[in-house]
Ligand code: NVA
């Protein structure tokens, strides 16, 4: 595995190794100090970022490497230089790049024209690091992921797509519950079904919140992702009935773990009460170990 673009490039063993590394880094952070000494990582953010940016900046420093954070407006891309030329040039200066891009194509282009590992720090279509972060949090709680059921409730967006590709590779069943017009992309649904068939895990897509029954984990995310702000009112209306709240937890039964990749809009996709009892902050904290593990693994 040379890049982390969609998660389909990661084999089951890559995911296991990254999660194991993250665990070792959390428990014994000092033994990895200096491992990336002399290495430089570019952090290219075309969209806002809190957790991802800090986790990569601090994580790289803890490993002894350095980072350069930049936006489109900081570089000649904003004046018409091509991404191809940018990728070729930057590949001589830095050892890896994290891109929070507007489109998946930016990452594909960087891989094609550059020669360094490219890490997807979120695009409108995929958020593989968010899914790996959740896998780490779930593994810490359950010990083993195989046989567990994750239910994603809400917008069929980037994190939903990445969880759909991740779950079969970890032996987990996944159910996605989204209102009719906001379900995941058909191409990713087909891919997730095929992955689930290979792994012998379950994949279910529905608009019925009753399907939350039996969930070990309930995952939700904002109803309006970055770049979709003009659809906010329409979405607030369409997602009524899809909030992760006490009633939904009762329908699930048991005491499922509740996760969210943050930022959280309390009172929209999740009630303030359920958010307060959830493991969203533990999950955000775990991101630091996971991004360090990804960098170390790819470099
Ligand atoms: N789906 C959200 C995730 C934020 C980390 C977005 O793309 O805005």
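Every number here is computed from the coordinates shown, using simple stated rules; none is lab data. None of the values given here were measured: they were computed from a predicted structure. Here the Cβ positions follow ideal geometry from the backbone for every residue, glycine too, while neighbour counts run over all protein chains shown.
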Enclosed volume per residue, in Å³, of the convex hull spanned by Cα atoms of the stretch 73-193 | 135 Å³
Given 4 °C, 1.567 mPa s and a Kirkwood radius over Cα pairs, the Stokes-Einstein diffusion coefficient of the stretch 124-174 in µm²/s is 119 µm²/s
Using only Cα atoms, tell me the angle between helix 186-199 and the longest principal axis of the chain; keep it within 0 to 90° and round to the nearest 10.
-> 80 degrees
What Rg and what Dmax come out for the stretch 205-299 when only alpha-carbon atoms are used, in angstroms?
-> 15.2, 45
Potential lengthening between residue 75 and residue 277 on full extension [0.36 nm per residue; Cα-Cα distance subtracted] = 68.5 nm
Could you put 1, 138 in order, starting from the residue whose Cβ has the fewest other Cβ atoms within 10 Å?
-> 1, 138
Ranked 155, 95, 74, criterion: other C-beta atoms within 10 Å, fewest first | 74, 95, 155
Using only the alpha-carbon atoms of the stretch 1-159, report the extent along each of the three principal axes, biggest first, to the nearest angstrom.
-> 50, 39, 27
How far apart, in nm, are two points set 7 Å out from the Cα along the Cα-to-Cβ line at residue 27 and at residue 82?
-> 4.9 nm
Nearest-0.05 FRET efficiency for residue 17 and residue 112, computed from C-beta distance (R0 30 Å) = 0.70
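Could you list the square roots of 5 times each eigenvalue of the Cα gyration tensor of the stretch 108-253, that is, the equivalent ellipsoid semi-axes, sorted largest first and rounded to whole Å? Display every interim value, and only then the final one.
Details: eigenvalues 116, 89, 38 Å².
Each semi-axis is the square root of five times an eigenvalue, giving 24, 21, 14 Å.
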Each label sits 7 Å from Cα toward the beta-carbon; between residue 187 and residue 142 the label points are separated, in nm, by 2.9 nm
Between residue 233 and residue 1, what length comes free when the chain is fully extended (0.36 nm per residue of separation minus the Cα-Cα distance, one decimal in nm)?
-> 79.4 nm
Of 109-117, 272-280, 163-171, ordering from highest average Cβ density within 10 Å down gives 163-171, 109-117, 272-280
Size descriptor, Kirkwood hydrodynamic radius, that averages inverse alpha-carbon separations across the chain, Å = 19.5 Å
